[in-house]
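Report on one structure; see the data block that follows.
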Amino acid sequence: MAADIWSVADLLRGDYKRHEYGAVILPFTLMRRLDAVMVDTRQAVRDRDAALPASLTNRQKPLESAAGRPFYNVSRQNFATIASDPTNKSVVAKNLRDYVNGFSPVVREVLDRFRFDETIARLADAKLLYLVVSRFAQIDELDKLKSHDMGYVFEHLIRKFAEDSNETAGEHFTPREVIKLMVNLLVAPDADADVIAGPGQVINIYDPACGTGGMLTAAADHLRSLNDGAQVFLYGQELNPESWAICQAEMLLRGQQGDIKLGNSFSQDRFTGRRFDYMLANPPFGVEWKKVKDDVDREAELGYAGRFGAGLPRINDGSFLFLQNMISKMERVEGKGARIAIVFNGSPLFTGAAESGESNIRRWILENDWLEGIVALPDQLFYNTGISTYFWILSNRKPAKLAGKVILLDARDQSVKMRKSLGDKRKQISDAQIDHVSKLYVRALEVAGDPENPDHGKVKIFGTRDFGYHRITVERPLKQRFEITEDTLLALTEAKALAKWDGRQKLVEALHDAIGSVWRTKEEATSELLAAAMAGGASLPGTAAHLKAFWNAVAVSDPAGEVQLHKGKPIPDPDLRDFENVPLDEDIHTYFTREVTPHVPDAWIDEEKTKVGYEIPFTRHFYVYTPPRPLAEIDAELKDLEAQIQKLLGEVTA
């Protein structure tokens, strides 16, 4: 079906550039899908519209009732009639506009986002409108596709358009099997719980970067499979107008209750004050938020009264802004609580030093015991990147057995090679693997505690504080000798800090005869340098700033030199400064005595610079050492290859 629709591009070549095809094909696909679905009630809607009083301004509800769905079209046109007269192609634009204007308001808004009226005018000017409408009229069975399959159609088309315009296709959608696994992990622990299975359940789901809505609809379908009596409401926000329009149209086709908003989730929160039971998202990796920095900064100043109170990440990666936004919308524990699933690359696991924005956000999440688990996924799963990705699963109602604990699950080997790659996507997760990983996550504690289990090495359980550390600053004393060399005098001549000191040139001239002198202590150096300066009619600098610049030129770091003191305490050498990360629950002085003192006995901790940080070094916990092959084996292989090459060369020569 997607290939059939894509063939319309053949008509556009020459009059449209490749990256412009989407502005034509996507809205026509939407309309043709709607047109096919409306066949059974089209005449009933027309009859109801004709029967309503002309004075009635709000006709939407009775017409939706006649249509049996939340959209309708009162026009006498359809795809079969718009271009029905090949001898009079000039009326196609008129018929098509009449058809568009006959749609219910929400559909017209969707088409407006595609600037569809401009598309009609351009196609008409290029004498392509009749051909395009006729081609779409021939595309059958769009009404028979389930929403899931129609999602595949749209995703295939969007990927093609994104590739042709050098856009990031992955910003628009997520592979369906990845969504399925994500939804399973989000919902699996609740499958038999009252929050899903209980009678009369009302479940609200939210995605702050919903794209074409694939995650939302997959979550809704899964929840209904667990409880067909549940009322599921879908809420989402999307920045891209075309993706928003497709998502909105699919919600209409499904008759789905909820609300999809257009706008930037960082700067234009369309769901302020709303709370949700389940949330999931695949935000674009490494998205820069410079354009909305002022808005984000203003909200961050509100502290925890806003969405970004825990801290702000680097300007070139807004991943943690999405997550903080979602956490702010968790249904309160006093109600039903909430669960969150989000796709990240590796950066949010460890980027940012202690007390940086990222570290503080991780600390906030872990100290509140919201992080339930992280699942490492295979690489090459996504259309626009081959990098490794991770599911983060969070909840404010973790089961008692997981209180204070975090699951790390390594599912990087759970994939199969695709017969044909799609962009950077060369692997997919099979249904059997999805089922396996889902069950493994639910049984994580059991598997981690059973060394005999074949998946034991794939699951590890940590305490939330295991990811915290104290970053201590290790100082060593500044040791120096003092000397006068040609380089010393050049440094004095060029020192910016001495530029406005009138006595510099005289001092340099006075010290010229002292070239080659070396002193082991500052006291000796001071005495002799002062004498040399006075003998030459000069003096040493009188202000603290000038004097500091003078000693910076004269002093030389020397491990065997004199320890420099200030008010009786050693001055730290910035070039020897080092840092150590000490596990949060270990005493820093015990650690220092064991790990540092034996190697550098004169070192000390600068207590005032100690910071608290949090990171999740996932791969470190699942690293498997593979020893190198024996040299004899490598040598034998090289000799075999050499023999094969010699044989081939002999055949060529012969």
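Looking at the structure I just gave you, is V556 within 30 Å of I365 (Cα to Cα) and aliphatic (A, V, I, L, M)?
no
Pick from N384, N360: which is more than 29 Å from E446 (Cβ to Cβ) and within 14 Å of the chain's Cα centre (by Cα)?
The unique qualifying residue is N384.
Select from the stretch 11-53 the residues that are over 24 Å from Y130 (Cβ atoms) and small (G, A, S) and list them in ascending order.
Residues satisfying the conditions are A44, A50, A51.
In the set A549, A555, A538, which member is within 48 Å of the chain's Cα centre (by Cα), assigned by TED's automatic domain parsing to the domain that holds L498, aliphatic (A, V, I, L, M) and more than 30 Å from D413 (Cβ to Cβ)?
A549
I'd like to know if the stretch 278-288 contains one or more residues that are of a type outside the set (A, V, I, L, M, F, W, C) and more than 15 Å from the chain's Cα centre (by Cα).
The answer is yes, given that some residue of the stretch 278-288 is of a type outside the set (A, V, I, L, M, F, W, C) and more than 15 Å from the chain's Cα centre (by Cα).
Okay, residues lined up against (1) surrounded by 20 or more Cβ atoms within 10 Å (Cβ to Cβ); (2) in contact with a Gly (Cβ under 8 Å, 6 or more places away or on another chain); (3) under 23 Å from G468 (Cβ atoms):
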residue: N325; (1), (2), (3): yes, no, no
residue: V333; (1), (2), (3): no, no, no
residue: F344; (1), (2), (3): yes, no, yes
residue: I361; (1), (2), (3): yes, yes, yes
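Just checking, which of A66, A44, A80, A93 is in contact with a helix residue (DSSP H, G or I) (Cβ under 7 Å, 6 or more places away or on another chain), assigned by TED's automatic domain parsing to the domain that holds F136, closer than 21 Å to Q256 by Cβ and outside any loop (DSSP other than H, G, I, E, B)?
A66
Among the candidates L498, L529, single out the residue that is over 53 Å from the mean Cα position of the chain (by Cα) and buried (at least 18 other Cβ atoms within 10 Å of the Cβ).
Unique residue meeting the criteria: L529.
For residues that are over 22 Å from D15 (Cα atoms) and among the hydroxyl-bearing types (S, T, Y), tally how many sit in the stretch 85-143.
So the count comes out to 3.
What are the pairs, 6+ residues apart or on separate chains, where a residue within the stretch 496-512 that is closer than 13 Å to L529 by Cα has its Cβ under 6 Å from a residue that is part of a helix (DSSP H, G or I) and not small (G, A, S)?
Going by the 6 Å Cβ cut-off, the qualifying pairs are V508/L489; V508/L492; V508/T493.
Residue-by-condition table, conditions (1) within 26 Å of A219 (Cα to Cα); (2) at pLDDT below 75; (3) surrounded by fewer than 17 Cβ atoms within 10 Å (Cβ to Cβ); (4) touching a helix residue (DSSP H, G or I) at 6+ places or on another chain (Cβ under 6 Å):
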| site | (1), (2), (3), (4) |
| --- | --- |
| D125 | no, no, yes, no |
| S134 | no, no, no, no |
| Q138 | no, no, yes, no |
| D143 | yes, yes, yes, yes |
| K146 | yes, yes, yes, no |
| R159 | yes, yes, no, yes |
| A162 | yes, yes, no, yes |
| H172 | yes, yes, no, yes |
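Residue by residue through the stretch 430-460, note down the ones that are aliphatic (A, V, I, L, M), surrounded by fewer than 17 Cβ atoms within 10 Å (Cβ to Cβ) and under 15 Å from E372 (Cα atoms).
Listed by number, the residues that qualify are V442, L445.
Being under 26 Å from the mean Cα position of the chain (by Cα), assigned to a loop (DSSP other than H, G, I, E, B) and among the aliphatic types (A, V, I, L, M) is true for just one of A220, A209, A188. Which residue is that?
A209
Would you say S539 is in a loop (DSSP other than H, G, I, E, B), surrounded by 13 or more Cβ atoms within 10 Å (Cβ to Cβ) and hydroxyl-bearing (S, T, Y)?
Yes, satisfied.
The values are calculated or read from the model by the stated rules, or taken from the named source; none is laboratory data. All values derive from a computational prediction rather than experimental measurement. All Cβ positions, even for glycine, are placed from backbone atoms using ideal geometry, and neighbour counts span all protein chains on display.
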